[in-house]
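Right, one structure below, let's go through it.
The values are calculated or read from the model by the stated rules, or taken from the named source; none is laboratory data. Nothing here was measured: the structure is a model prediction, and the numbers come from that model. As a convention, Cβ positions derive from the backbone with ideal geometry for all residues, glycine included, and neighbour counts pool all protein chains shown.
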Ligand code: SF4
């Protein structure tokens with residue numbers, strides 16, 4: 001079985017949605033927030049391939065080239081989002097240019113294997129300092145951030161980064177020193193350092209095994225949730241009978 005964080009997240013959100021997308025291969029519609037997020041990710045990936053010290057104009061040109069125009073309601077909404085992205089990148093640039101570093105790797109595929117399950121994922125950026133690594137994941141969505149003793153409370157983020165953490169160790173034979181989520185929005189430009197321990201890793205492995213078993217047992221049921229209103233398969237879901 002081949003899994004990825006997106007597949008696991010989709011299954012946990014709604015097993016029937018997983019079934020529509022990954023078993024029946026129904027296509028999802030383009031969405032403006034996904035286009036926006038992908039644009040910012042690929043812009044920063046390209047940017048961090050440059051030698052020190054690139055100019056803001058270098059960053060702006062990459063942004064222009066990488067812009068994805070799918071899923072917007074109209075030209076007006078697209079322009080508004082474009083300007084928003086430019087402002088976010090301006091903040092990012094001014095905050096990071098003085099300690100700019102060329103990334104060790106960007107959009108690196110990492111692989112983790114448990115039993116006969118292969119889990120893949122793409123880490124946005126890996127930096128290397130001396131013999132230590134740092135993994136960075138950019139987030140452009142609106143996230144509420146709360147803290148507790150283990151850091152950030154956001155089940156999906158913890159699960160995603162924990163999978164990357166395990167996969168990194170699996171491939172690089174060493175845990176990364178820092179695991180960072182970098183939040184990018186108009187009112188937030190903030191790096192959050194996550195702390196992982198054995199308990200979180202055990203929980204992650206348990207979740208992967210559990211999702212894998214349920215998929216193998218064709219356990220696809222409707223799970224109504226807060227994202228139903230954005231689901232591309234509302235009609236199919238209503239008609240669904242098993
Ligand atoms: S509408 Fe909700 S319950 Fe139905 S498939 Fe989509 S996410 Fe699942």
Candidates 169, 188, 174, filtered to the one that is closer than 20 Å to residue 135 by Cα and surrounded by fewer than 13 Cβ atoms within 10 Å (Cβ to Cβ)
174
Restricted to segment 221-231, and to residues that are more than 8 Å from the ligand (Cβ to nearest atom) and not in a helix (DSSP H, G or I), which residue is farthest from the chain's Cα centre (by Cα)?
221
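Let's see how each residue does on (1) closer than 21 Å to residue 111 by Cβ; (2) surrounded by fewer than 13 Cβ atoms within 10 Å (Cβ to Cβ):
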{"residue": "196", "(1), (2)": "yes, no"}
{"residue": "199", "(1), (2)": "no, yes"}
{"residue": "233", "(1), (2)": "no, no"}
{"residue": "240", "(1), (2)": "no, no"}
Which numbered condition residue 129 fails, given (1) within 28 Å of residue 55 (Cβ to Cβ); (2) touching a strand residue (DSSP E or B) at 6+ places or on another chain (Cβ under 8 Å); (3) in the same structural domain as residue 173 (by TED's automatic domain parsing)
(2)
Residues of segment 20-36 being surrounded by 18 or more Cβ atoms within 10 Å (Cβ to Cβ) and under 23 Å from residue 204 (Cβ atoms), which ones?
21
When you look at residue 44, is it touching a residue at least 60 places away in the same chain (Cβ under 8 Å), more than 16 Å from the ligand (Cβ to nearest atom), surrounded by 13 or more Cβ atoms within 10 Å (Cβ to Cβ) and outside any helix (DSSP H, G or I), yes or no?
no
Which condition number does residue 22 fail, the rest of (1) part of a helix (DSSP H, G or I); (2) within 21 Å of residue 164 (Cα to Cα) being met?
(2)
If you go through segment 184-220 one residue at a time, how many are within 16 Å of the ligand (Cβ to nearest atom) and in a helix (DSSP H, G or I)?
3
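A quick yes/no check of all residues on (1) crowded, with 16+ Cβ neighbours inside 10 Å; (2) out of contact with any strand residue (DSSP E or B) (no Cβ under 6 Å at 6 or more places or on another chain); (3) not in a helix (DSSP H, G or I):
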{"residue": "90", "(1), (2), (3)": "no, yes, no"}
{"residue": "95", "(1), (2), (3)": "no, no, no"}
{"residue": "102", "(1), (2), (3)": "no, yes, yes"}
{"residue": "110", "(1), (2), (3)": "yes, no, yes"}
{"residue": "135", "(1), (2), (3)": "yes, no, yes"}
Among the residues of segment 72-86, write down those that are assigned to a loop (DSSP other than H, G, I, E, B) and surrounded by fewer than 16 Cβ atoms within 10 Å (Cβ to Cβ).
73, 74
